[in-house]
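Working notes for the structure below.
The values are calculated or read from the model by the stated rules, or taken from the named source; none is laboratory data. This is a predicted model, so every value here is computed, not measured. In this analysis, Cβ positions are derived from the backbone assuming ideal geometry, glycine residues included, and neighbour counts consider all displayed protein chains.
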Amino acid sequence: MNSTKFMRKGIFEDSVFLNEKYDSAIMWVNSETRSVIYSLSILVQIDKEDMENEGLLDYLPDGQDLFQFLTESFCHFFEVLQEMEEGIPPTIFFNKEDKYGSAA
């Protein structure tokens, strides 16, 4: 059974989910807040793989810079989602060290 499709129904219908391409980054849904918890490292990995498949990594000088850029972009995006008035915004699970030293 695909639990991500199940979570989109019933009591989680107010939860905000990202584009389906990021479904594999869903770690869990907080049953109290109904916020969808996404793994930051998997979100970054998904975008890096997309960029690699499109041949964009050939034009970038440093993979670490790309990792940092994608990490900061996702963090900023989730901050914007937290300010939304509609639905229950998702949150990030910091399962890798980031430049701020956040970890779970």
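Scanning region 60-78 for residues that are at pLDDT below 70 and out of contact with any Leu (no Cβ under 7 Å at 6 or more places or on another chain) yields a total of 4.
Pick from region 27-55 the residues that are assigned to a strand (DSSP E or B) and more than 20 Å from MET84 (Cα to Cα): which of them is modelled with the lowest pLDDT? By that ranking, first place goes to TRP28. In the set (1) surrounded by fewer than 16 Cβ atoms within 10 Å (Cβ to Cβ); (2) of a type in the set (A, V, I, L, M, F, W, C); (3) modelled with pLDDT of 80 or more, the condition left unmet by ILE11 is number (3).
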